[in-house]
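Please read the structure below before turning to the comments.
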Amino acid sequence: MRALRPGKLTLAALEATLRLYVTGPDAAHREIPVLNMLSGVPAPLERQAKRLHDRMLRKLREAQCEEAVELQVVEGASTPGGGSLPTVELPTFCVAVCPADGRLSADGLKRAMVQEPDTPVVTRVRHGQVLFDVRTLLHDTDLDLCASALADAVRAGLHR
């Protein structure tokens, strides 16, 4: 039974989380990233996707490779829990990146964004498009990171 007893760190984390809930639901949603992600509603997510689209377009223009991919904001669904909730889908918005140059593929771009940068960018591929789900992008720095990773992956793919 000793293995099932919570340790000091678990109890401290539980206490801090419960204190946030006692403070109020707004504090919990603001301070616990997963709650923020799970409770995101479509309208702000669409605005976030448009902002990401614009930043990606700007980075691709700076890298002189905006013609190599097509970008669009699309509706989608997020599956929370990393597969532990297979029947639950949350409406979201994504930026879809479709390779327009024959030297690029969606799988290749996805692989490059996970393997090459210092900070991997996790995406998903559907119907030959790389999808950036904005539900998990909470800060402006996240948008910049995604835009830079895409531009770097496209530039690298074109020079192979």
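No value in this document is a laboratory result; all are computed from the given coordinates. This structure is a prediction, so every number in the text was calculated from the model and none was measured. Reconstructed Cβ throughout: ideal geometry from the backbone, glycine too, with neighbour counts over all protein chains shown.
Summary table below
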item	result
For Pro91, net neighbour charge (Lys/Arg +1, Asp/Glu -1) across residues whose Cβ lies under 15 Å away	-2
Region 13-68, Rg to Rh (Cα coordinates; Rh as Kirkwood inverse mean 1/r)	1.28
Environment charge at Leu109 (Cβ cut-off 14 Å; Lys +1, Arg +1, Asp -1, Glu -1)	+3
Within straight-line cross-link reach of Lys110, lysines at Cα separation under 19 Å, skipping those fewer than 8 residues along the same chain	Lys59
Surface/4 estimate of mean projected area, convex hull on alpha-carbon atoms of the chain, nm²	12.1
Between 0 and 90°, nearest 10: helix 106-115 axis offset from the chain longest Cα axis	60
Inter-label distance, nm, simple model (7 Å from Cα along the C-beta direction), Asp142/Gln72	2.5
13 Å beta-carbon shell around Ser78, net charge (K/R +1, D/E -1)	0
Between region 62-86 and region 93-152, the Cα center-to-center distance that results, in Å	7
Stokes-Einstein D in µm²/s, Kirkwood radius over Cα pairs - region 67-155 at 25 °C with 0.890 mPa s viscosity	181
Positive-end residue of Leu131, Val114, Gln72, charge dipole of the chain with Cβ unit charges	Val114
Average Cα contact separation per residue, region 30-160, under 8 Å, 6 or more apart, as relative contact order %	30
Percent of Cα pairs exceeding the 15 Å cut-off, where the set is region 58-118	67
Electrostatic dipole magnitude of region 1-88 [Cβ: Lys, Arg +1; Asp, Glu -1; Cα centre; debye, to 20]	520
